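Asker: Attaching a single structure in structure tokens format; questions to follow.
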Amino acid sequence: MASVGLFYVGAVLFMNGLLLLGWVEAKAAAILNLFVGTLQVVTPTYLIFTANGDTSTILQASGLYLFGFTYLYVGIGLLADLDTTGVGWFSLFVAIAALGFSALNFGQLANQPFGVIWLYWSLLWALFFVLLGLKRERLTRYTGWVALIEGWVTAAVPGFLLLAGYWQNRGLTAIVLAVVGVVMVVALLPTLRGAGPRHAVEEPEPTPTPTAPEPEPSPDRPLSRT
């Protein structure tokens with residue numbers, strides 16, 4: 001059941017990446033955030049209630065709430081046009097918690113691929129914190145591309161492979177994921193160039209050049225004829 005939720009997390013991260021890149025309208029993206037956020041709250045609740053006290057299952061399910069609450073927060077915020085600082089600072093909490101879940105996957109759970117995937121998520125939510133909480137708009141494009149790529153690499157593809165029975169929980173998978181992550185971080189650095197907010201510079205109005213006044217016609221001198 002968790003694999004189903006993971007697959008659709010890929011969809012919402014892909015959508016939110018497109019939103020940050022300016023290719024999807026905010027309220028249109030809000031709907032999918034609400035759908036997936038609800039799924040990511042219902043799923044861990046079900047897993048915990050049916051775990052029969054299995055601490056490992058409860059531990060893994062508890063991490064899903066971090067993302068369910070994020071997507072619900074984002075969806076409601078987009079529809080209500082709320083300030084982003086709330087979801088931004090919550091993202092800092094998620095980024096820190098993700099480091100803990102990564103350590104647990106590397107150690108106690110012996111799941112190295114998801115240890116790496118949790119590091120991916122920690123990076124992305126840290127970017128959400130800086131972008132939305134601290135208002136560093138220069139990171140908008142970079143964060144958008146990271147969200148879009150992570151939607152496929154950390155969620156949609158692993159979720160589909162888990163559902164199909166092809167996921168390989170091996171050290172090699174973790175190494176491949178780590179290499180892809182490093183390449184992604186470095187390859188996207190050019191998106192930071194010139195990404196800061198641009199302020200229009202008002203040019204001063206030109207000073208009119210003074211002109212000599214036309215001489216008034218003298219009654220003793222006739223006007224010239226053309």
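The values are calculated or read from the model by the stated rules, or taken from the named source; none is laboratory data. The shown structure was predicted, so the numbers you read here are calculated from the model rather than taken from an experiment. Note that we place each Cβ from the backbone using ideal geometry, even for glycine, and neighbour counts take in every protein chain shown. Heads up: the accessible areas ignore ligands, DNA and RNA and are worked out on the full protein's heavy atoms, side chains in. Shrake-Rupley method; radii C 1.70, N 1.55, O 1.52, S 1.80 Å.
Asker: Please list, by residue number, everything in segment 24-43 whose backbone N is under 16 Å from a paramagnetic label point 7 Å out along Cα→Cβ of residue 76.
Answerer: Residues 30-42 qualify, since their backbone N sits under 16 Å from the label point.
Asker: With a 1.4 Å probe and every protein chain kept in, tell me what percent of the accessible surface of the chain is carbon plus sulfur.
Answerer: Working: 8890 of 13410 Å².
Roughly 66 percent, rounded to a whole number.
Asker: At 18 Å minimum axial length over the Cα atoms and a Kyte-Doolittle cut of 0.5, report the qualifying DSSP H helices in the chain, or say none. Present the calculation step by step, with values, prior to reporting the outcome.
Answerer: Working: long enough: 2-20 (27 Å, 1.89); 26-49 (34 Å, 1.39); 64-80 (24 Å, 1.72); 85-106 (32 Å, 1.58); 112-128 (24 Å, 1.24); 171-187 (24 Å, 2.78).
Going by DSSP H runs, the hits are 2-20, 26-49, 64-80, 85-106, 112-128, 171-187.
Asker: Follow-up. With every protein chain present, what is the per residue accessible area of the chain (1.4 Å probe, Å²)?
Answerer: Numbers: 13410 Å² over 226 residues.
Result: 59 Å² of accessible area for each residue.
Asker: A further question follows. How long is the gain from residue 96 to residue 25 if the chain were fully straight, where each residue apart is worth 0.36 nm and the alpha carbon distance is subtracted? Don't skip to the end; give the middle numbers.
Answerer: Working: separation 71, 0.36 × 71 = 25.56 nm, distance 2.97 nm.
Stretched fully, the residue 96-residue 25 segment lengthens by 22.6 nm.
Asker: Rounded to the nearest 0.05, what FRET efficiency is calculated for residue 178 and residue 59 with R0 set to 25 Å and r the Cβ-Cβ distance? Can you show the working numbers first?
Answerer: Values: r = 23 Å, r/R0 = 0.92.
Efficiency at R0 = 25 Å is approximately 0.60.
Asker: Quick one: pull the percentage of alpha-carbon pairs in the chain with a separation above 29 Å. Please report the intermediate quantities before stating the final value.
Answerer: Values: 9249 of 25425 pairs.
Cα-Cα pairs in the chain separated by more than 29 Å: 36 percent.
Asker: Another one. Just name one of 6, 163, 62: the one whose Cα is farthest towards the positive end of the charge dipole of the chain (beta-carbon charges, Lys/Arg +1, Asp/Glu -1).
Answerer: Result: 163.
Asker: Calculated FRET efficiency, residue 189 and residue 160, Cβ-Cβ r, R0 30 Å, to nearest 0.05? It would help to have the intermediate numbers written out before the result.
Answerer: On the way: r = 29 Å, r/R0 = 0.98.
It comes out at approximately 0.55.
Asker: GNM on the chain, C-alpha springs below 10 Å: top fluctuator among 68, 77, 165?
Answerer: Highest fluctuation of the listed residues: 165.
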